[in-house]
Structures are given as C-alpha cells and as structure tokens.
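Step one of this worksheet: look at the structure below.
Nothing in this text is a laboratory measurement; each read-out follows from the coordinates by a stated rule. Keep in mind it's a predicted model, so treat the numbers as computed, not measured. Heads up, the Cβs are rebuilt from the backbone with ideal geometry, glycines too, and the neighbour counts pull from every protein chain shown.
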Amino acid sequence: VHKDEQLFVDTALNLVKQAGTLVRMAFEAKECAVNTKASDTDLVTETDQAVEKLLIEGLSTSFPDHKFIGEESVSGGAKTEWTNAPTWMIDPIDGTTNFVHRIPMIAICVGLAIDKQLRAGIVYNPITHELYHAQVGMGAFKNGFRIHASATKELCRSVLCLSMGIHNRTIFGDSWLDKAASNMRNQILAGVRGHRSFGSAAINMVMVAQGSCDGYLEYGIHSWDVAAASVIVSEAGGVMLDPTGAPFDVMSRKILCAGTPELAKELISTLTHVEYDREA
Ligand code: IPD
C-alpha cells in the first residue's frame, strides 16, 4: 500500500464534494449547451468539462507527479497514459444524457490506480446526495454506512442492470443489436425478475454494490465509467469479471458484475460476446 494513499483519497473526496456543488447548480439551471463527440448519441456539456478541470487541477496541485485518464481530456485528444504512477480515472459526469434530460441519475466518478491496480473509488450523485466510496481492504460505504452486494445465486431471482449499448452501433453496425437483443431474450427466458438501465454505468454498479440489483453487464464502456465503481462493487463483496468469465480488465471496454459467482456464471451462459480493442 502506498504510504500516502489515505491522503490521496481524502483529497479526492473533498474535491468531489466541491464538484458536486457545481453539477447541482448546473442541473437546476435552465440552459444547457450540448455538443456531440464520437457520435450523435455521445453527448458533452460545459459542466462535464468544468468538473473534469476542477478535479484534475485540484489533484495535480496537491500531487504534481500523478497521472490522469479523464473522459473529456481523452475526447479532447489527450493520450491514455497507463503506467505504474498513481493514476486518477475520472468521469466528471457519468450519465451525461441523463444530465442533459434532467434525469437525476448522474455520478461524478473518481478512481485511483497505483501500479496499475485499482485501489480506491468514489462515486457521487450530487442530485440525490448519495456518496459511495471504497478502498481496497476497507469495505464499501454509502454516506458512511457499509453496503453489501446481494446473495442471490439464480437468474430467476434476479434484477439485472444493463445497457443496450447505444454507442456500439457506431462500431459494430446493426448486427450488434441482434446480439444485444438475443442476450436480453436469453435472460428473460431464464426467468429474470426484470431489467433496469439507469443511464450511468456507475449508478448501475452501485445498485449492485448495495444489493438493490443483482447483476450488471455492458459492452462498450470506458475505463473512466467503471474504474471507481469497480472497487466499490468488489469491496461490497460482489464479483467483477469480464463478460467471458475472464478476470476483469478495466481497459477492456467490457464489464460484468454480480452479487455472487454463481449468478455471474449463469449470466455468462446467456451471452454472445463482441470484442473490442483495448483502451490502453
Ligand atoms: C455513459 C453511461 C452509460 C453507458 C455508456 C457510457 P457518459 O457514460 O455510463 O450508462 O451506457 O456506455 O458512455 O458518457 O455519460 O459518461
């Protein structure tokens, strides 16, 4: 464990709370200028950019040798530097479409990796005032209270989070939709109690971490969407995997999480996969 890890996390927690005020004010405001990035469904606002700037400037002032992988910096052309240095993985607003549509399910996500190992995660919804955080070996918390993933072992007793992965059409074309629909169909035939899709990978994941939902699956996510929440799921006793069943790789653009290994296995049996180039 890095001797200053606690200082790193406490500094990030303070900055995330400041960023929350900024997001809340913008959420309540009437106007919101929206631009698109890689596709017509990939949105960005001035608030995404302002929050990422606040977090990166704040952290790099305190820790000048730290590295950053931030959604908006990478979209703006920054190279993804994945090294052994302490590296912050930042999604300033996970759920930008929700933000734009004033759906109050959004999350500021800040994950910390050291030696390429995820060590800590902060996921904050400043609209509902739900602050989740975890550090490896210390448990997962929501507003200071311990949270635990569900003990459900069977799909027929599960509520699953998923996203059809709207952006995947840009990469795989319409054949992607057939795979996504067939995966969902297999889960329905297996008797799932329902599917949910909250519009933010991090919120889907904390739903699994707190045991409200039993599993979550998505193809096409980015490291900044899932880095922070993956520590929270693991520390809440959940299982983090690649959808093929291989170990979770934050750079692989795919994710599966579940409350139990048994449920993860049954969920995997419903899937036809797609392959991505790694992010770094
Ligand atoms: C998106 C959300 C969404 C997921 C997309 C992500 P963003 O993140 O997490 O739930 O389906 O894959 O890109 O763009 O709102 O930060």
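Observations on the model:
- When each of the peptides 164-175, 245-256 is scored by how many other beta carbons lie within 10 Å of its residues on average, the order from highest to lowest is 245-256, 164-175.
- Share of pairwise Cα separations in the range 155-268, more than 16 Å, in percent: 55 percent
- Spin-label model, Arg185 to Asp115: label points 7 Å out along the Cα-to-beta-carbon direction sit 4.8 nm apart.
- Secondary-structure-derived ellipticity at 222 nm for the chain, considering helices only, amounts to -11000 deg cm²/dmol, per-run term -39500 (n - 2.57) for DSSP H runs with n ≥ 4.
- Its residue count N fixes a reference of 2.2 N^0.38 Å for the range 5-146, and the Cα radius of gyration divided by that reference is 1.02.
- Listed from fewest to most Cβ neighbours within 10 Å, the set Tyr216, Tyr124 follows the order Tyr124, Tyr216.
- Residues of type lysines that Lys116 reaches as a straight line, Cα spacing below 19 Å, ignoring anything fewer than 8 places off in the same chain: Lys3, Lys67, Lys79, Lys254
- Summary value for the range 223-280: 32 percent relative contact order, contacts being C-alpha pairs under 8 angstrom separated by 6+ residues.
- Once the chain from Glu275 to Glu57 is taken as fully extended at 0.36 nm per residue, the excess over their C-alpha distance is 75.0 nm.
- Distance in nm between pseudo-label sites at His148 and Asp178 (7 Å out along the Cβ direction from Cα): 4.5 nm
- Its Cα centre serving as origin, the chain has a Cβ charge dipole (Lys and Arg +1, Asp and Glu -1) of approximately 640 debye.
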